[in-house]
Amino acid sequence: MPITIMTQALMALHISQNQEEMQQFIQQYPLADCAEAFTQLLTQQKLTSKEVCQLLLLLPLEKQAALFGYFSLGWQEKLAEQLDAQEVAQLTELMPHDERADLLTQLEPEFQSEVLDQMDSEERLDIERLVSYPEDCVGAVMTSDFATLEAHHTVEEAIRQLRSIARERETIYLAYVVDTQQRLQGTVSLRDLVVSEPSATVAEIMTQVLIFVRVDEAQNVAAQAISKYDLLALPVLDHQNRMVGIVTYDDAMDVAEEEADRHIHKSAAVDFAGNLKEASVGLMYRKRVFWLVLLVFGNLFSGAGIAYFEDTIQAYVALVFFLPLLIGSSGNAGAQSATLMVRAIATGEVIGKDWAKMLAKELFIAGLLGITMAVAVSLLGWWRGGPEIALVVALTMQIVVVVGSVIGMSLPFVLSKLKFDPASASAPLVTTIADAVGVIIYFTVATSILDFPVAA
């Protein structure tokens, strides 16, 4: 059903407050679509957070928690503020462990304490442990809700064990074999259990080649491992080799998406994470103004270069026609190289020691690109100013494309070496540097070939 029709149905349910019809509605459509319809009504201010909560409370608690999990974290926070501490505690106890920890960190400290006080000690300790990890490490995105087995279990006992905990665990398709100290010994899939002899032991069928991540490593390390090894989940170990959680495939996708968003924003020199539609004017101004002002002063170098070669420009006015074309090509080549290199560094395809190898490769590729573009622009140069101008613009095009590409390729390596985010080698930054260098190269080549003295 189209979302617009679903929103109309939800408005009718809000008016009627019919519990039976509300339950039928939720059962009829995917929960993700229902959450999207609710979000649309909230965004359009056709329903308030309090009114949405009133509709959610018409559902059984398990359905409430399932639907609630499909809202964005921001909307979860706003909805939770309309509930009392006991209602939030009951709701979060049924949510995935990592998601409920994320929610509770967004609540006001006083309300957070009230909610935790309503939970049993085991659940409370689990949440407190998860929220204690730094925001950008694996511990902050892992869940402690995983299935474990012991090596001496028979297949029949293992299946019985998984059946008994299936409703309480986020996933049982991959179980983790641990000893009494919670040290990871192996993994076993549900498929392997099902096809094995009931009398066989878990130790006989488990996989002992372990792929894992440490709890304090960066989140993108876990996402890369899950993608590389095609895993449903990745075990997380502490430094005593005890298993403390798992990172699931869907959480890894969220991490990868956030990382991609961050790099896209960085590439445009905007350090922003959030909902653009909901962001305030003041926030967007603060996030964008620094780099724009900084790059204004960067562009002064281009202006200074043009001023320095003023006499050359006056003598050969045709040169001005090609200036935007040449420095634009330099910036474009640099931005292309920077984008490719930032991604390669972010995904682990390229590391610092690969710089020399990548430089040689980039020089060859940029050389071919430069020759192609030089031939194209030389024809235009011949038409606008004759053979000398054609030679100047062709030679300049060859040089600026190579130089721009090398700048764009190298800057992410330099920033990474200096412990800065390689994504800061953004298109505007690379373009600004390439523009300034391009102006100097252009008029230096022009002055040399056209035999005109540079102004003192």
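Scanning the stretch 158-209 for residues being hydrophobic (A, V, I, L, M, F, W, C) and assigned to a strand (DSSP E or B) gives a total of 6. Within the stretch 161-214, the residues that satisfy the criterion of being in contact with a His (Cβ under 9 Å, 6 or more places away or on another chain) and either open to solvent by 30 Å² or more (accessible area, probe 1.4 Å) or not hydrophobic (A, V, I, L, M, F, W, C) (or both) are 161, 170, 201, 203, 214. Of all residues in the stretch 36-52, those satisfying the criterion of being surrounded by fewer than 20 Cβ atoms within 10 Å (Cβ to Cβ), assigned to a helix (DSSP H, G or I) and touching a helix residue (DSSP H, G or I) at 6+ places or on another chain (Cβ under 8 Å) are 36, 39, 40, 42, 49, 51.
Against the test of being modelled with pLDDT of 85 or more and in a helix (DSSP H, G or I), the options 342, 393 yield a single qualifying residue, 393. Going by the structure shown, is residue 110 under 23 Å from the mean Cα position of the chain (by Cα), loosely packed, with under 15 Cβ neighbours inside 10 Å and free of Cβ contacts under 8 Å to residues at least 12 places away in the same chain? In short, no.
All conditions in (1) over 21 Å from the mean Cα position of the chain (by Cα); (2) modelled with pLDDT of 85 or more; (3) surrounded by 15 or more Cβ atoms within 10 Å (Cβ to Cβ) hold for residue 129, with the sole exception of (2). Scan the stretch 423-439 and tell me whether some residue there is farther than 13 Å from residue 328 by Cα, of a type outside the set (S, T, N, Q) and not in a helix (DSSP H, G or I). Yes, because at least one residue in the stretch 423-439 is farther than 13 Å from residue 328 by Cα, of a type outside the set (S, T, N, Q) and not in a helix (DSSP H, G or I). For beta carbons closer than 9 Å, sequence separation of 6+ or different chains, a first residue in the stretch 2-24 that is in contact (Cβ under 8 Å) with a residue 40 or more places away in the chain and at positive phi and a second that is among the hydrophobic types (A, V, I, L, M, F, W, C) and open to solvent by less than 60 Å² (accessible area, probe 1.4 Å), the qualifying pairs are 17/55; 17/58.
Every condition in (1) farther than 19 Å from residue 445 by Cα; (2) open to solvent by less than 60 Å² (accessible area, probe 1.4 Å); (3) among the hydrophobic types (A, V, I, L, M, F, W, C) holds for residue 365 except the one numbered (2).
Of the listed requirements (1) open to solvent by 10 Å² or more (accessible area, probe 1.4 Å); (2) within 30 Å of the chain's Cα centre (by Cα); (3) not hydrophobic (A, V, I, L, M, F, W, C), residue 87 misses just one: (2).
The values are calculated or read from the model by the stated rules, or taken from the named source; none is laboratory data. From a predicted model like this one, the values you see are computed outputs, not experimental measurements. Glycine gets a Cβ as well: all are built from the backbone with ideal geometry, and neighbour counts include every protein chain shown. Ligands, DNA and RNA are excluded from the accessible area calculation, which covers all protein heavy atoms including side chains. Shrake-Rupley method; radii C 1.70, N 1.55, O 1.52, S 1.80 Å.
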